[in-house]
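Heads up, the thing below is written out as structure tokens.
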Amino acid sequence: MVMVSKYDAGGANVAVQPQQSSVASSTSGFSVAEVLASFISHWYWFLISLFVCLGAAWYYLSTTSPVYTRTAMLLIKDESKGSSAMNIASEMQDMGLVATKSNLSNELITLKSPTLIMQVVNELQLMDYYKVPLSFRELDIYGKSPVKVVFDPSKLTNIDFVSFKIRMVDKQSVDLYDFKNKGVKTDETISIKLNDSTFTETPVGFLTVYSTGVEGSEEFKNVNFSRSSVDAATNTYTSLLSVGLVDKQSTVVKLSIMDESTIRATDILKTVINVYNDNWVHDKNRIAESTSEFIASRLGVIESELTGIDKNIANFKGRNLLPDIAAVSQLYLQQNSETKTRLLELNNQLSMLEYIQDILREQNFDNPLPIPSSMSSTNVQNQITEYNKVLLERNRMLANSRNHPLVKDQTKHLNAMQSVILQSVNNEIASLSMQIKNVNAQESRTERQLARNPNQAKYLLSEERQQKVMEGLYLFLLQKREENALSQAFTAYNTRLITEPRGSDSPAAPNRSFIWMVAFAIGLLVPATIMVLMEMTNSTIRGRQDVERLAVPFAGEIPLCTRKEGNTANGITLVVKEKCRNIINEAFRVVRTNVDFILGKGKTHKVVMFTSLNPGSGKSFVAANLAYCMSLKKKRVVALDLDLRRASLSQVVDRPYKGVVDYLNGEIKSWRDVLVHAEGCNFDVIPVGEVPPNPTELLFNEDYLPRMIDELKQEYDYVFIDCPPVDVVADANVVSEYVDLVLFVVRAGLMRKDMLPIVDTFYNQKKFPSLALILNGTSVTKTMGTKYGYGYGYGYGNYIKE
């Protein structure tokens, strides 16, 4: 531990804190105050960064079209919860209607299916875009365009992407120019009359232009038109449309879409809902349509057969002049009334089952099966009802995607169900045939009991029986046809619009406030981050706080200066000036006071050596300015340049050709022959002269160097010797045995912190006599904790801090 005291600029003794010997902790980090001070000193970095980031934000906002959001709420009715529609459909099962439960997940997929969106695109012509150019972007004028472009449908080919510009010449004609077709530009101008039904050939196809009657401002006189393919428009709006449940407990669906045009967004949502409803009703009516076709075909067959029976009865009675045989047949009719009713019912059921049997053998999945509602057995009815549910679900998924894996599974399921239903129908037909056979046998027994009736009566009875069967079946089918027509007219939508498409008039994107805030934050964070990273990765000494834990006595701190702050003497900047009170002059005065204290007052001749660890540490600069500062006290000072390789100190006197090298090698007899007085500096310099090839050997010559130093000590108050860095060559070690004090110059921003223990080792091992450390080149912004004042003056504003 070394105790050092200092004198301030007025000569007062000032106590100096002892330097601790803990080298391990000498590499300290930077504090928040240092970082903030660095930010303030580099304010222009923040200004430039803010200008760039805010400019980029302004350009982005100016070139990006605002996007608006429109939202609609749609209630999907749940048919499984006893709704009135479900009750009616249950009562009308015998009409051929099958009420299926709406699968909410499937409905959500259907609402956003490409097939449905393509219908919307074609209906609204969403592949066409009309925009007017603004300063930095284009404005979409959907629904406000003064013109409408119509392509010839007979000559319309597959369009990938075409565009052109429209210029309104007057109210009767327009000019089309700047055509682009699949990226190929055509420089051609074509004039077209408005509302002309004749299509004009252009580089993008045959088209005509109609006036919409919309009056716009002057900027609407130039319109940019573009058309994409239907598939591209479908993909675009499929991605823009969002469909989801409001919450898991409800069946309310939220449809939302973002678009540049609020009118187009509203139209899209309305059309999506309308198309979905129409498709749903069409899907639900397919069963009724299949039943209607079956009833119509059966009515035609029965009507033809009934007409033939009527003709047979009339012709028979006319030929045989038969009277009314009602009385004759009264007994037979009474006895067989139940038999006839039963036979009628069985024949109706048999006819329907045979028709269903024919359909099942065709193995066709296009249409649902009609339901024989009048059968006594409910097994076949239940099987056909379940079959129709699966068939409709399979056809709906097939319309959306032919490669859906569930389609193949349901097709296999339908094949299996057909086989089961066919087997059940065959069994039912066999059962009905047996029942009919039994009824016919009963009828035969009744007829045998009427053996007294003539054969004519028997024939008439048979014909009349057939006639009544056909009449009953005909009336039954007529009733079912009317009921089926009623069910088709009764079919209602499975949705209810809760909230019409609506939204805010403020754009959803881009969020101007957020972008400005982000740009401002980035403008501050980018330079701040760079500066913090530079400080974190900086392994060099930054300021006094990095060396204050060393055991080496601290002689002073020299702030960084520029050439403008002093006089440049042939490469060495002399910043010390007489009667100058700026911060760097005060710093050298503090070093001067501390050096005097370390040397002690008892010695009249003081020899001080300047050295360092790193080349470029500024030891020659410190030596020259400290020599000048010492001379201001009316002291005789000589600066001896023994850095024989670089001769930096010799630049103060313009590096004369003759110097100390000539004295050391014996070419001149006295060092006074090479002594040069520094003009305007009031101290002398012994330059190097010509750089020798063997500088170390010259210094080892004990005949010249010791004698010269002894003579200099006799004539001067201070002898300052500039030597090379200690770890580079051995010159400093040779010279150090002739000096009273070694000032070790450490350059801030150059010397690494991990090299500081070397300096401490030199001091602890007493390698040099009275070793002291000078910190050179510190920055105000990097040493905000200590500044440079630490007591050597006052009245310097922010630069002085105790």
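The values are calculated or read from the model by the stated rules, or taken from the named source; none is laboratory data. Just so we're clear, the structure is a prediction, and the values are computed from it rather than from any experiment. Every residue, glycine as well, gets a Cβ built from its backbone with ideal geometry; the counts of neighbours run over all protein chains shown. Protein only, heavy atoms only, side chains kept; ligands, DNA and RNA dropped before computing areas. Shrake-Rupley method; radii C 1.70, N 1.55, O 1.52, S 1.80 Å.
Points worth noting:
- Criterion: polar (S, T, N, Q), within 23 Å of ARG465 (Cα to Cα) and surrounded by fewer than 20 Cβ atoms within 10 Å (Cβ to Cβ) - qualifying residue of ASN315, ASN279, ASN274, ASN285: ASN315
- Taken together, the criteria place ASP754 among residues that are open to solvent by 30 Å² or more (accessible area, probe 1.4 Å) and in contact (Cβ under 8 Å) with a residue 60 or more places away in the chain.
- Residue in the range 715-728 that is open to solvent by 10 Å² or more (accessible area, probe 1.4 Å), farther than 23 Å from ALA624 by Cβ and among the aliphatic types (A, V, I, L, M) present: no
- Test: residue in the range 604-617 that is farther than 22 Å from VAL734 by Cα, among the hydrophobic types (A, V, I, L, M, F, W, C) and in contact (Cβ under 8 Å) with a residue 60 or more places away in the chain: no
- Residues satisfying the stated conditions in the range 666-700, i.e. over 19 Å from ARG645 (Cβ atoms) and among the polar types (S, T, N, Q): SER670, ASN682
- In the range 200-258, the residues that are β-branched (Val, Ile, Thr), open to solvent by 20 Å² or more (accessible area, probe 1.4 Å), touching a residue at least 12 places away in the same chain (Cβ under 8 Å) and outside any strand (DSSP E or B): THR212, VAL214, VAL230, THR238, VAL246, THR251
- Close contacts from the range 269-285, counting a first residue that is farther than 17 Å from ASN103 by Cα and at pLDDT 90 or above and a second that is open to solvent by 20 Å² or more (accessible area, probe 1.4 Å) and among the basic types (Lys, Arg), with Cβ to Cβ under 9 Å and a gap of 6+ residues or different chains, come to VAL272/LYS112.
- Residues (among the hydrophobic types (A, V, I, L, M, F, W, C), under 22 Å from TYR716 (Cβ atoms) and open to solvent by 20 Å² or more (accessible area, probe 1.4 Å)) located in the range 654-703: ILE668, LEU675, VAL676
- Residues in the range 627-636 that are surrounded by fewer than 24 Cβ atoms within 10 Å (Cβ to Cβ) and in contact (Cβ under 8 Å) with a residue 60 or more places away in the chain: LYS635, ARG636.
- Residue tally, condition more than 23 Å from LEU649 (Cα to Cα) and either open to solvent by less than 10 Å² (accessible area, probe 1.4 Å) or in a helix (DSSP H, G or I) (or both), over the range 578-624: 3
- Count of the range 523-537 residues which are free of Cβ contacts under 8 Å to residues at least 60 places away in the same chain and under 17 Å from ALA57 (Cα atoms): 1
- Out of ILE166, ILE141, one residue alone is under 15 Å from ILE190 (Cβ atoms) and open to solvent by less than 60 Å² (accessible area, probe 1.4 Å). It is ILE166.
- Residue ID - modelled with the lowest pLDDT, chosen from residues in the range 702-736 that are touching a strand residue (DSSP E or B) at 6+ places or on another chain (Cβ under 8 Å), assigned to a loop (DSSP other than H, G, I, E, B) and closer than 19 Å to SER648 by Cβ: VAL726
- Among all residues of the range 663-677, there is none that is in contact (Cβ under 8 Å) with a residue 24 or more places away in the chain and β-branched (Val, Ile, Thr).
- Filtered residue count, the range 201-228, keeping only those that are within 23 Å of PHE161 (Cβ to Cβ) and out of contact with any Phe, Trp or Tyr (no Cβ under 7 Å at 6 or more places or on another chain): 6
- The residues of the range 113-129 that are of a type in the set (Asp, Glu) and either at positive phi or open to solvent by 40 Å² or more (accessible area, probe 1.4 Å) (or both) amount to a single one, GLU123.
- Listed conditions (1) touching a strand residue (DSSP E or B) at 6+ places or on another chain (Cβ under 8 Å); (2) over 22 Å from ALA555 (Cα atoms) are all met by ILE668, apart from (1).
- Of all residues in the range 151-174, those being acidic (Asp, Glu) and closer than 13 Å to THR200 by Cα number 1.
- Scanning the range 413-449 for residues that are hydroxyl-bearing (Ser, Thr, Tyr) and either at pLDDT 80 or above or under 13 Å from ASN379 (Cα atoms) (or both) yields a count of 4.
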